[in-house]
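**Student:** Input: one structure, supplied below.
Read-outs throughout are calculated quantities, based only on the coordinates presented, and are distinct from any laboratory measurement. Bear in mind that the values here come from a model prediction, so they are computed numbers and not experimental data. Neighbour counts are summed over all protein chains in view; Cβ atoms, including those assigned to glycine, are modelled from backbone coordinates with ideal geometry.
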Amino acid sequence: MSKHVTDWLNAYLDGELHGSQLHHAEAHLAECQVCEAELRSLERLSSLLHEISAPEFTSPERFAAQVNLRLPRQQTAISGKKILEIGWWMVPVGLLGVWIFIGTAFVLSDILSAANNFGLLSGISNWLSFGSSNGIYLSSTLGQAGLLSGNSLNWAEATETFTRMSLPQISLQISIALLYLSWIAIWWARHTRHQRQQHGQLLEG
Amino acid sequence: MDPVKILKRAWYILWSYRALWVFGLVLALAAGSSAGQGSNNNGVNYQQGPGENPQVSPQSLQEAFRDFQREVNKLFEQGIPEIHISGTELTTFLWVIGAFVLIMLIVGIIVAIARYVSETAVIRMVDEYESTSNKLTIRQGIRFGWSNTSWRLFLINLIVNLPAIALVLVLLVAGLGIFFSVVNGNANFAAFSVVSVIVLAFISIFVVVILTILLHLLRNFFWRICVLENASVRESLQRGFAMVLENWKNVGLMWLVMIGLGIVWAVASIILIIVTIPVVIVTAVIAVLVVALPLLLLVGTFSLFLGGVLPWIAGGLFVAPLFFTLAFSPWLLLGSWQAVYTSTVWTLTYREIKALPAFTVTPQVEPTGD
């Protein structure tokens with residue numbers, strides 16, 4: 001009897017043997033009871049495995065999340081850190097809210113000014129203080145003092161009027177934008193630091 | 001989800017995938033044409049100074065209207081003799097302007113169609129590139145974009161903008177109602193009712209602005225579900241809303257970052273616009289050369305039935321859109337980059353959120369706490 005073919009049995013069962021190897025295995029199995037019994041055992045195992053449904057494969061991320069979920073948690077109420085964290089995220093939302101509020105106020109102001117110019121608010125525009133906010137005090141003073149006259153006075157008046165009307169809105173919007181950008185810059189720095197820490201931990205692990 | 005990685009990846013795609021720029025140009029053009037229609041609140045209030053002008057009364061307003069009507073009638077009967085333009089020519093010129101408005105309306109519709117085709121193309125091209133690393137050509141992009149999906153994107157956009165449209169209509173109708181009531185002398189508003197209207201208008205505008213901002217954020221996901229999963233309008237709205245609700249932290253963070261980037265872009269674009277003025281001067285010269293021939297042809301045609309300077313005005317009116325598009329093409333390119341980058345960021349965000357595993361596993365072992 002030739003040497004046992006137990007090493008080839010899995011391949012034989014899967015139909016992966018060909019040519020002389022297949023012929024040799026078949027000839028051996030026909031006369032060797034040990035190998036024949038091993039083959040039957042492998043066949044039973046295979047059919048048993050086929051009957052069982054395949055286990056669900058869990059991704060590493062999911063596995064890590066499941067482990068995390070099963071870890072004991074700290075029974076703490078909302079801590080000061082948590083409140084700070086919420087406050088941190090409310091900063092940009094609050095800034096946006098203020099921005100929209102101011103924008104709405106200016107839009108409404110424009111609409112009311114236009115309505116006033118069309119005479120729709122006649123009689124009540126005085127106590128709504130229309131037309132009193134664009135005083136050209138500085139130019140007038142300079143004009144009365146004789147420092148400005150003619151075209152230069154007109155230009156100064158126009159510039160002063162424009163500045164008085166636009167400057168508050170522009171400066172408010174720029175302030176909000178700067179505050180928002182500061183928040184983004186801090187977030188970016190924190191995020192980068194956090195990523196570096198995670199990367200470092202991964203390398204150490 | 002890592003927003004910084006998404007921003008960097010979108011930056012890389014923007015510079016390495018230049019076929020997207022073509023669609024970005026259409027998006028920038030459409031954004032430019034629609035921005036002109038919106039309210040541009042530059043902070044200049046058209047107020048009257050005390051004692052500068054008398055208050056406008058309803059009677060004086062009616063009188064002003066009658067005067068205006070008389071002047072217009074006179075103008076179209078007599079023309080402008082000073083520059084040798086007859087009333088008939090002025091009427092013909094009015095018809096020419098009407099034709100121009102009609103043509104512009106058609107161009108507007110074509111640009112709107114091209115906009116949604118481009119939106120679809122950019123979303124699909126970026127998604128395809130991320131899935132297969134395969135860069136599509138412009139022709140393939142158009143084939144991707146030219147589909148029913150573009151129509152669905154338009155419908156989604158319409159739904160998203162409905163609150164704003166409704167507010168504008170309500171304000172317009174209310175404004176016109178009040179205006180005509182005052183002009184006809186039928187209305188006498190008490191201070192209390194005016195203040196109530198002002199407060200109501202303020203609250204309405206404030207709420208609608210916030211609602212519109214939120215809906216525009218959601219639109220990014222509605223559109224991507226519609227384009228990438230070939231979903232219907234209703235399905236896109238439902239699934240998009242559910243997706244954002246489920247991942248509100250990631251979406252919110254990305255949104256906050258994108259607003260910050262928007263501010264940075266606004267500042268950068270002002271600098272870039274100033275820096276590229278010499279380039280715009282060159283493109284303006286090229287634009288003049290390009291539109292010169294069509295302008296002369298149009299002026300020649302209009303001279304057959306218009307006199308004086310009117311053929312030149314009419315011809316200039318017709319070639320102006322082409323001239324401005326060519327002259328300001330460098331700035332259009334800046335807008336294109338911004339449009340492509342924004343779209344790419346949201347497509348990548350959508351893909352990241354889709355790829356996030358749903359942590360729905362509940363722990364079977366009670367935590368002991370020790």
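**Student:** Report, as an integer, the average count of C-beta atoms from other chains found within 10 Å of each Cβ along A:159-165.
**Tutor:** Other-chain Cβ atoms within 10 Å of each residue's Cβ, averaged: 2.
**Student:** Sorted by packing (mean other beta-carbon atoms within 10 Å per residue), highest first, where do A:13-19, B:337-343 land?
**Tutor:** B:337-343, A:13-19
**Student:** For segment B:212-258 and segment B:270-307, write down the distance between their C-alpha centroids in whole Å.
**Tutor:** Taking the Cα centre of each part, segment B:212-258 and segment B:270-307 sit 42 Å apart.
**Student:** For segment A:7-19, take each phi angle, set θ = phi - 60°, evaluate the Karplus expression 6.51 cos²θ - 1.76 cosθ + 1.60, and give the result in whole Hz per residue in order, putting x for glycine and proline.
**Tutor:** These are the phi-based 3J(HN,Hα) values: 5, 8, 5, 4, 5, 5, 5, 7, x, 9, 8, 9, x Hz.
**Student:** Give the average, rounded to an integer, of partner chain Cβ atoms located within 10 angstrom of each Cβ in A:100-109.
**Tutor:** Rounded to a whole number, the mean comes out at 5.
**Student:** Please work out the Cα center distance from segment A:2-66 to segment B:63-92, rounded to the nearest Å.
**Tutor:** 101
**Student:** Further question on the same structure: Which far-off residues, 5 or more places away or on another chain, put their amide H under 5 Å from the one on residue B:80, with H placed in the peptide plane?
**Tutor:** Hits under the 5 Å cutoff: B:85, B:86.
**Student:** Placing +1 at every Lys and Arg Cβ and -1 at every Asp and Glu Cβ, with all other atoms neutral, what dipole size does segment B:167-315 have around its Cα centre, in debye to the nearest 20?
**Tutor:** 140
**Student:** A follow-up question, please. Take segment B:196-252, drop everything but the C-alpha atoms, weight them equally and run the Debye formula without solvent; then report log10 I(q)/I(0) at 0.21, 0.28 Å⁻¹ to two decimals.
**Tutor:** Here the Debye-derived log intensity ratios amount to -0.76, -1.04.
**Student:** Also, I was wondering about something else. For segment A:186-196, what does the Karplus curve 6.51 cos²θ - 1.76 cosθ + 1.60, with θ = phi - 60°, yield as ³J(HN,Hα) per residue in whole Hz, taken in order and with x for Gly and Pro?
**Tutor:** 3J(HN,Hα) across segment A:186-196, in whole Hz: 5, 4, 4, 5, 4, 5, 4, 4, 4, 5, 4.
**Student:** Taking a ≥ b ≥ c as the square roots of the eigenvalues of the Cα gyration tensor of segment B:69-207, is the shape rounded (a/c under 1.5), prolate (a/b larger than b/c) or oblate?
**Tutor:** Oblate.
**Student:** For segment B:126-134, what does the Karplus curve 6.51 cos²θ - 1.76 cosθ + 1.60, with θ = phi - 60°, yield as ³J(HN,Hα) per residue in whole Hz, taken in order and with x for Gly and Pro?
**Tutor:** 5, 4, 5, 5, 5, 7, 10, 6, 9
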